Amino acid sequence: MEVKTSSNFIKNIVIEDLEKGKHKEIITRFPPEPNGYLHIGHAKSIVLNFELADEFKGKTNLRFDDTNPVKEDTEYVESIEEDVRWLGFDWENLYFASDYFEEMYQRAVLLIKKGKAYICDLAPEEIRQMRGNLTEPGKESPYRSRNAEENLDLFERMRKGEFKDGEKVLRAKIDMASPNINMRDPIIYRIAHATHHNTGDQWCIYPMYDYAHPIEDAIEHITHSICTLEFEDHRPLYDWVIRECEMESQPQQIEFARLNMTNTVMSKRKLKLLVDENVVDAWDDPRMPTIAGLRRRGYTPEAIRSFCREIGVAKTNSTVDVQMLEHFIREDLKPKTSIVMGVLRPLKVVITNYPEGQTEILEAENNADNPELGSRQLPFSREIYIEQEDFMENPPNKYFRLFPGNEVRLKFAYFIKCNEVIKDAAGNVTEIHCTYDPETKSGTGFNARKVKGTLHWVDAQNAVPVEFRLYEPLILDDEESDKNFLEQINPNSMEVIQGYVEPAVKTAKPQDKFQFMRHGYFNVDTKHTTKDKLVFNRIVSLKSSFEIKK
């Protein structure tokens, strides 16, 4: 995939490094923790890392930062691999942080021997209290003065499983008075008697992310370790680990702004809460901003890649309007999809002067802007369905659809005129009776009179019953907040309705996409669709006032 990305500060760093001969080859990595499904924010990082390396004929590794066995699972590993491939990328090498556990352990032994790490017996809460704050320095642990021999013995016994979870930790010995709190003797190993998805019960001590990540990067000879802004204050620790662990390779950490979007959750912890609390049916619920959820809803990898390129790479955090993502899926699907007719809330129309028992076949183009999509055959007979909203018994001014005495055009068919309204005992309109003008058939050049309204419709005799799922934002607030997160959930985020589609859609398969006239773009659902029932997810409506600023 050859895509020339626009210039940004990270790309400029890479160009300068290559010009100075600092690197012969660019090597990046995408390093997710397998503790949940990837979301749209991860897509930004995937596109950035893979396309940056690709542009300079470099390599990108996929690495699972699996240093926390309590939260990680093989299910997440498999979903991440699927998502990266679906987005259109393939990695040079597949690695796991757990592949390096032995080397990480030996590097920790080196730190102990150098007097740069010690075993601490303080409880987690005591360590937090003694760390200090932004205005006060931290206090040294009473175990900081342990000699190397004692620390080595305790560290080996930790590895053998002689201590309980939380009983001891290995801490880096740096500077408890450092203005950067991350440098105040951070924990680099903790005890966790838990089965690991990759190493089983081989280990009961596990490295912390801030210790493991720079070692992983150095082992893989990563040249540019690109991460989000929250790790900017961790960079001194990143460099310290590489230096003090005497790693041969010296990667450069570069931070960029993470993706924030209106009405969208960007926290795996919160997304997992939505799944665990059954707010959604799974990680791939079409309302979720996960890549799996976007895929099931009907988003395309092309649209997501275009979106990620457009938002660019910056050094300051900002919030992107979710309508920008919707813009790119419209732009991608508009020339690709057949424009067909579906009626979401059906109202029966009986054309009283059309011959009973007769069905004629009309010809309908699939997409006027893309002749390559061809045409389809459309049955038409005495009874059809239109949208309930396309009829009003007592319409307001400038209502140009169907009402008593008014004439409209049926798309690809004829003019019809409403003559009679049928109601039930409660006064609800159950069907309407119309007459048609056989001289007004679409395509015949009829222009004796004009009508202002054109309606889509489905032939009742051949209509295919389907389920439509219409979505609204899952989060009510524009910006994500930790306060009362579950109270931000939109109770009306999904509406399920039963309607009809024209018979040409009958053979649609999961992930097939269509534009339903006037209603938007829809995708055949992968989970609820069966051989006897089609379920359509609305990807996005047809129109938006959003525009990309030039």
Restricting region 452-471 to residues that are open to solvent by 40 Å² or more (accessible area, probe 1.4 Å), in a loop (DSSP other than H, G, I, E, B) and modelled with pLDDT of 95 or more, the residue that is farthest from Leu534 (Cα to Cα): Gln461
Single residue of Lys71, Lys44, Lys57 found to be at positive phi and of a type outside the set (Phe, Trp, Tyr): Lys57
Number of positions in region 60-78 that are acidic (Asp, Glu) and either under 20 Å from Arg29 (Cα atoms) or crowded, with 21+ Cβ neighbours inside 10 Å (or both): 4
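Please count how many residues of region 130-152 are part of a helix (DSSP H, G or I) and either in contact with a Leu (Cβ under 9 Å, 6 or more places away or on another chain) or exposed (fewer than 12 other Cβ atoms within 10 Å of the Cβ) (or both).
Total meeting the criteria: 3.
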Index of the failed condition, Val169 passing every other in (1) among the hydrophobic types (A, V, I, L, M, F, W, C); (2) open to solvent by 30 Å² or more (accessible area, probe 1.4 Å); (3) closer than 17 Å to Arg190 by Cβ: (2)
Top-ranked residue of region 381-420 - restricted to ones that are acidic (Asp, Glu) and closer than 15 Å to Met517 by Cβ, ranked as most open to solvent (accessible area, probe 1.4 Å): Glu389
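Being over 26 Å from Gly200 (Cβ atoms), modelled with pLDDT of 95 or more and acidic (Asp, Glu): is that true of Glu103 here?
Considered against the rule, which asks whether it is over 26 Å from Gly200 (Cβ atoms), modelled with pLDDT of 95 or more and acidic (Asp, Glu), Glu103 comes out as no.
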Close pairs from region 79-104: first free of Cβ contacts under 8 Å to residues at least 60 places away in the same chain, partner among the hydrophobic types (A, V, I, L, M, F, W, C) and part of a helix (DSSP H, G or I), Cβ under 7 Å, at least 6 apart: Val84/Ile46
Residue within region 79-92 that is among the hydroxyl-bearing types (Ser, Thr, Tyr) and either under 18 Å from Ile242 (Cβ atoms) or open to solvent by 30 Å² or more (accessible area, probe 1.4 Å) (or both) present: no
Every residue from region 35-45 that is open to solvent by less than 10 Å² (accessible area, probe 1.4 Å) and in contact with a strand residue (DSSP E or B) (Cβ under 8 Å, 6 or more places away or on another chain): Leu38, Ile40
Answer residue from region 511-550, given it is in contact with a His (Cβ under 8 Å, 6 or more places away or on another chain) and small (Gly, Ala, Ser) and is modelled with the highest pLDDT among those: Ser541
Any pair with Cβ under 7 angstrom, 6 or more apart, that starts in region 194-222 at a residue that is in contact (Cβ under 8 Å) with a residue 12 or more places away in the chain and on the phi > 0 side of the Ramachandran plot and ends at one that is assigned to a strand (DSSP E or B) and open to solvent by 10 Å² or more (accessible area, probe 1.4 Å): His221/Ile27
Given (1) surrounded by 13 or more Cβ atoms within 10 Å (Cβ to Cβ); (2) without any contact (Cβ under 8 Å) to a residue 40 or more places away in the chain; (3) not charged (D, E, K, R), number of the condition Ser442 does not satisfy: (2)
Within region 336-363, considering residues that are on the phi < 0 side of the Ramachandran plot and without any contact (Cβ under 8 Å) to a residue 60 or more places away in the chain, the one least open to solvent (accessible area, probe 1.4 Å): Glu360
Within region 412-433, tally of residues that are in a strand (DSSP E or B) and under 20 Å from Ala448 (Cα atoms): 4
Residue identified as within 19 Å of Glu75 (Cα to Cα), acidic (Asp, Glu) and at pLDDT 95 or above among Asp210, Asp284, Asp233, Asp239: Asp284
Hey, Lys114 open to solvent by 40 Å² or more (accessible area, probe 1.4 Å) and touching a helix residue (DSSP H, G or I) at 6+ places or on another chain (Cβ under 6 Å) or not: no
Given (1) out of contact with any Ser or Thr (no Cβ under 8 Å at 6 or more places or on another chain); (2) over 19 Å from Gly453 (Cα atoms); (3) open to solvent by 20 Å² or more (accessible area, probe 1.4 Å), number of the condition Leu378 does not satisfy: (3)
Pick from region 175-198, criterion closer than 26 Å to Lys116 by Cβ and touching a strand residue (DSSP E or B) at 6+ places or on another chain (Cβ under 8 Å), ranking: surrounded by the most Cβ atoms within 10 Å (Cβ to Cβ): Tyr189
Hey, Leu48 aliphatic (A, V, I, L, M) and open to solvent by 10 Å² or more (accessible area, probe 1.4 Å) or not: yes
Residue under evaluation Gln323, criteria (1) surrounded by 20 or more Cβ atoms within 10 Å (Cβ to Cβ); (2) within 30 Å of Glu232 (Cα to Cα), criterion not met: (1)
Lone qualifier among Val47, Val3 - being in contact with a helix residue (DSSP H, G or I) (Cβ under 9 Å, 6 or more places away or on another chain) and either of a type in the set (Asp, Glu) or at pLDDT 95 or above (or both): Val47
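The values are calculated or read from the model by the stated rules, or taken from the named source; none is laboratory data. These figures come from a predicted structure and were not determined experimentally. Neighbour counts are summed over all protein chains in view; Cβ atoms, including those assigned to glycine, are modelled from backbone coordinates with ideal geometry. Side chains included, ligands, DNA and RNA excluded: accessible areas come from the protein's heavy atoms. Shrake-Rupley method; radii C 1.70, N 1.55, O 1.52, S 1.80 Å.
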